[in-house]
1. For segment 40-79, what does the alpha-carbon gyration tensor say about shape, rounded, prolate or oblate, given a ≥ b ≥ c as the root eigenvalues, a/c under 1.5 as rounded, and a/b over b/c as prolate?
2. Please list, in order along segment 253-266, the HN-Hα scalar couplings obtained from phi with the Karplus expression 6.51 cos²θ - 1.76 cosθ + 1.60 (θ = phi - 60°), rounded to whole Hz, x for Gly and Pro.
3. I need two numbers for segment 218-360: Rg to one decimal and Dmax as a whole number, Cα atoms only, in Å.
4. If we count other beta carbons within 10 Å of each Cβ, what is the order of ILE332, ILE257, fewest first?
5. With a sphere of radius 15 Å drawn around the Cβ of ALA48, what net charge do the other residues whose Cβ falls strictly inside it have (Lys, Arg +1; Asp, Glu -1)?
6. Would you mind calculating the relative contact order of the chain from Cα pairs under 8 angstrom and at least 6 residues apart, reporting the percent as a whole number?
7. Under the rule a/c < 1.5 gives rounded, and otherwise a/b versus b/c splits prolate from oblate, where does segment 430-470 land using the Cα gyration tensor?
8. Using the Cβ atoms and a cut-off under 11 Å, what net charge is assigned to the surroundings of ASN343, where Lys and Arg are +1 and Asp and Glu are -1?
Amino acid sequence: MMGTGSLPSLLTACDSPTGPPGTPPLETNPLRFAPEVAPHSLTLVASAGIAGFGNGVEGPAWLLNESLPSPLLRVRRGDPFQVVLENQLPQDVILHWHGLAPPADMDGHPRYAVGTGGEYSYAFTVEDRAGTYWYHSHTHTRTAEQTYRGVAGLLIVEDDEEGALGLPSGNREIPVILQDRRVDAAGIPYYQPFGPDLMAGYMGPEPFGNGIRRPWIEVDSALYRLRVLNGSNARIFRLGRSDGRPLVLVGNDGGLIDRARTLDYVDLGPAERADLLLDLSGTEVGDRVMLRSLSFSLPGGAGFMGGANRQGQPLDVLEFRVTRRVEEPAVIPDVLSTVPGPNPEDVVRERTFRFTSEMMMHRINGRSFEMDRIDEVVPFGETEIWSFVNDSFLPHPVHLHATHFRVISRSGGRNQVMPWEAGGKDTVLLHPFETVRVAVRFTAHRGLFLLHCHNLEHEDMGMMANILVE
Ligand code: C2O
Ligand code: CU
Ligand code: CU
């Protein structure tokens with residue numbers, strides 16, 4: 001349970017991140033960036049360690065190479081990917097490269113988890129489009145805890161096509177992992193799920209960016225590329241700007257979308273990414289712009305679960321403090337890319353996956369995950385329509401390994417394909433009682449892959465299926 005020590009205003013503040021009127025604002029902290037490394041002859045050591053969370057607060061975390069978040073891996077399309085995972089944690093672990101489509105034995109299926117003292121070698125060629133991917137623990141029944149404690153990082157793929165667009169780069173590129181956390185009286189995040197968390201998933205009232213609580217970053221009055229990952233276990237963010245200006249979406253899970261989209265807000269369920277252009281041109285020194293998660297409600301009562309940690313509460317997630325005025329053109333390209341993907345006209349087969357949450361059981365088509373049971377056999381290269389049916393009052397971010405799908409339609413709930421769901425997606429958010437149809441085709445590798453809910457508590461409790469591509 002939460003402490004009641006020195007932060008009572010925080011613990012009772014559910015609607016305003018700065019607490020009820022009259023309470024002093026809590027400390028905010030400079031954003032940090034994980035070290036950037038190339039995944040070539042790289043060893044990632046998983047171990048228990050100490051991390052800083054901002055404002056001098058330090059506490060226990062589970063880390064890769066002693067870094068929170070895990071190192072940012074940057075690689076070019078076509079390059080080799082060679083990483084050895086060394087496990088010094090007191091439990092099994094395996095890593096998954098979320099969004100990449102490597103061979104099946106390189107994909108981090110939980111049956112490859114290695115015990116304490118063990119290691120796993122990954123070697124493949126990166127064939128994926130430029131984009132914002134990530135990696136995290138995929139140890140069955142332990143993914144939620146290990147990812148929450150820190151075994152997660154960004155993975156950026158670059159290629160010539162994207163390079164030619166001249167999008168903001170270098171110090172004009174801000175990669176950030178947004179996460180919500182529960183913290184104790186000392187400000188240290190903790191993971192102690194109990195009853196309601198096993199239904200709604202583990203949510204907390206405190207925003208963290210790249211492992212730092214309530215982060216801010218100093219910026220110039222320029223155009224920035226913001227690569228955002230929702231790395232939360234269960235929290236959905238509705239990202240918008242505090243100054244009323246729009247966000248410009250240029251990419252998502254599968255890399256660049258076709259054309260830039262100007263949006264008032266972008267919803268990100270757990271594991272989804274948004275590649276955004278943040279136009280700060282025209283701001284003045286001293287201006288502050290907050291990237292915030294706006295208030296929203298879900299149908300079916302899900303928003304009421306979890307009390308102060310409930311889904312849809314507003315959060316200030318990252319503040320931009322303008323400290324330098326520059327005159328440089330903010331050029332936003334209109335046409336971005338041609339997104340490859342299955343053509344719905346080539347469909348040869350349909351399948352349905354029904355997601356249910358009842359009596360603390362999260363299932364797909366009535367079944368809980370079993371490591372050695374094959375749930376679906378899918379022919380390599382054939383285009384199919386998959387219907388993801390949410391037959392529950394909880395949201396489910398549905399994730400598929402080994403390919404990117406196209407969102408074709410949504411019925412029930414929001415009744416439309418959302419503008420941020422253009423392009424190739426590997427995760428799609430289902431609100432309560434929505435059905436989303438996607439076009440799927442596996443063209444990278446044959447073998448055993450996974451379909452699961454990326455609410456990590458749901459995944460750990462068995463909302464996952466083995467998909468054999470052959
Ligand atoms: Cu990000 Cu199977 O997971
Ligand atoms: Cu994945
Ligand atoms: Cu779920």
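1. Values: a/c = 5.16, a/b = 2.12, b/c = 2.43.
Judged from the Cα gyration tensor, segment 40-79 comes out oblate (a/c at least 1.5, b/c at or above a/b).
2. So the Karplus estimates, Gly and Pro as x, are 3, x, x, 4, 8, 6, 9, 4, 10, 8, 9, 6, 7, 9 Hz.
3. 18.5, 58
4. Working: ILE332 15, ILE257 21.
Ordered from fewest to most neighbouring Cβ atoms within 10 Å, ILE332, ILE257 come out as ILE332, ILE257.
5. Details: positive: ARG142, ARG149; negative: GLU58, GLU66, GLU86, ASP92, GLU145.
For residues surrounding ALA48, the net value is -3.
6. Values: 1328 pairs, mean separation 69.3, N = 470.
Over the chain, the number comes to 15 percent.
7. It is oblate, given that a/c is not under 1.5 and a/b is not larger than b/c.
8. On the way: positive: ARG406, ARG441; negative: GLU345, ASP346.
Taking every other residue near ASN343 into account, the sum is 0.
Throughout, read-outs are computed from the coordinates displayed, never taken from laboratory work. Everything numeric here is computed off the predicted structure, so don't read it as measured data. So basically every Cβ, Gly included, is an ideal-geometry build from the backbone, and we count neighbours across all protein chains shown.
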